[in-house]
Amino acid sequence: MAISSFPPAEGGGGAGGFYYNITASGTFTVDLAAGLYDVRSTDPVTVGGVDVDGDAGLLNYPSGIASFTANALFEDFVARTSGFGTARIWGVTYGDGLYVAGGDDGKLTTSTDGTTWTTRTSGFGTTSIRGVTHGDGLYVAVGYSGTLTTSTDGTTWTTRTSGFGTTNIQDVTYGDGLYVAGGDDGKLTTSTDGTTWTTRTSGFGTTDIRGVTYGDGLYVAVGSSGTMTTSPDGTTWTTRTSGFGTTTILGVTYGDGLYVAVGSSGTLTTSTDGITWTTRTSGFGTTDIRGVTYGDGLYVAVGGSGVLTTSAGLLPITTALSLEPKSPLISLP
């Protein structure tokens, strides 16, 4: 049960007031008379359009309270040691119990816990890796000059033909039986096996695609100038408002019911539906965030100068809200 009240909201003002225990985010319908209330909350909640977190004190509601909203908390990202030194990390993924991160000069590291990382041979030589993904038992890494490699274990990598020619591939994702790769000049390809790739129309025109992900039946592509498109099938794409304005979006992921997009100047936004996005604190300051992934209950964000942070994402709601009417209630016209 997401909410319980003592006494029930429909029971009227009552000398004991209204005490709500909220265990999930959302908007809850109540029925309180207009008047003066002593409002207190243990966690953030919005009552009658006023944000409450702690002792809000006396609030006057001239038209009564029809509903209040509890917003999910988002745990800030914590810095970790990446194994990249000061080299830029461009992409990270999780699959089959393993995190895989790739970056400048073909550097690739793996980790079983998101904290301790081991350097691997990527098959890229000194060519930059820009994106990695995992799906259907296969890791796929993509990068500059159309380079694409695959691996079944994250350690041994095989070079494949990407369908990009020498065009830079910026990111790759997997979902619903389909790998999707995006890159410079709006180029986008799809594959059912990670080996044979077909060119698609991305909806980006000639704008660079910098990140792609899949979750909850939706593919999301992001890129330069805050451009974002979504697709239910990887073939037909619709333009969306990203919340980045004209700031470049460099990466996007999905996990635990949440889409997370990251980009230039430490910008990070989240969305539960891929359409409406909320700005969050990233832990990167003004440093660019190059990539983000989710796995095993953990979001991992990576960026310039070897910066790597982790977050547990949306935290459980445990709000205790008290709305105590002051006696006598002040009736307002």
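Given 10 °C and 1.306 mPa s, how large is the Stokes-Einstein diffusion coefficient of the range 169-212 in µm²/s, with Rh as the Kirkwood radius over Cα pairs? List each step's numbers first, then the result.
Details: Rh = 10.2 Å.
D = 156 µm²/s.
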Problem - Base-10 log of normalised Debye intensity for the range 188-287 (one unit scatterer per alpha-carbon) at q = 0.22, 0.23, 0.25 Å⁻¹ - result: -1.12, -1.20, -1.37
Practice task
Considering Cα pairs under 8 angstrom that are at least six residues apart, work out the relative contact order of the chain and quote it in whole percent.
Solution key: 19 percent
Practice task
Give, in nm to one decimal, the length gained when the segment between Thr121 and Asp185 is fully stretched (0.36 nm per residue of separation minus the Cα-Cα distance).
Solution key: 20.1 nm
Completion exercise
For the range 224-281, the Cα gyration tensor yields equivalent-ellipsoid semi-axes (√(5λ), largest first, whole Å) of 18, 14, 9
Completion exercise
Taking 0.36 nm per residue of separation between Ser67 and Ala2 and subtracting their Cα-Cα distance, the length gained on full extension comes to 22.0 nm
Handout entry: Gain upon complete extension [Thr81, Ser145; 0.36 nm per residue less C-alpha separation]
Key = 20.2 nm
Problem - Computed label-point distance, nm, for sites Asp105 and Thr167 using a 7 Å Cα→Cβ extension - result: 3.0 nm
Exercise for the section: Specify the residue with the greatest mean-square fluctuation among Pro232, Pro62, Pro44, computed from a Gaussian network of the chain linking alpha-carbon atoms under 10 Å apart. Expected result: Pro62
Completion exercise
Here, Asp53 and Ser305, labelled 7 Å along Cα→Cβ, have an inter-label distance in nm of 2.7 nm
Practice task
Select from Phe84, Gly154, Pro44 the residue farthest towards the positive end of the dipole of the chain; place +1 on Cβ of Lys and Arg, -1 on Cβ of Asp and Glu, and compute about the Cα centre.
Solution key: Phe84
Handout entry: Note, ³J(HN,Hα) from phi for the range 205-217, Karplus 6.51, -1.76, 1.60, rounded to Hz, x at Gly and Pro
Key = x, 9, 6, 5, 8, 10, x, 9, 8, 9, x, 6, x
Handout entry: For the range 48-203, the fraction of alpha-carbon pairs in successive 10 Å shells from zero, as %
Key = 11, 34, 23, 10, 10, 10, 3
Handout entry: Whole-number Å³ per residue for the convex hull built on Cα positions in the range 78-314
Key = 96 Å³
Handout entry: Scaled radius of gyration (Cα, divided by 2.2 N^0.38 Å) that the range 139-226 gives
Key = 1.01
Fill in the blank from the handout: Kirkwood radius from Cα pairs of the range 242-310 plugged into Stokes-Einstein at 10 °C, 1.306 mPa s, gives D in µm²/s equal to 136 µm²/s
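Read-outs: derived from the displayed coordinates by stated rules, not from any lab. Please read all numbers here as calculations on a predicted model, not as lab measurements. Note that we place each Cβ from the backbone using ideal geometry, even for glycine, and neighbour counts take in every protein chain shown.
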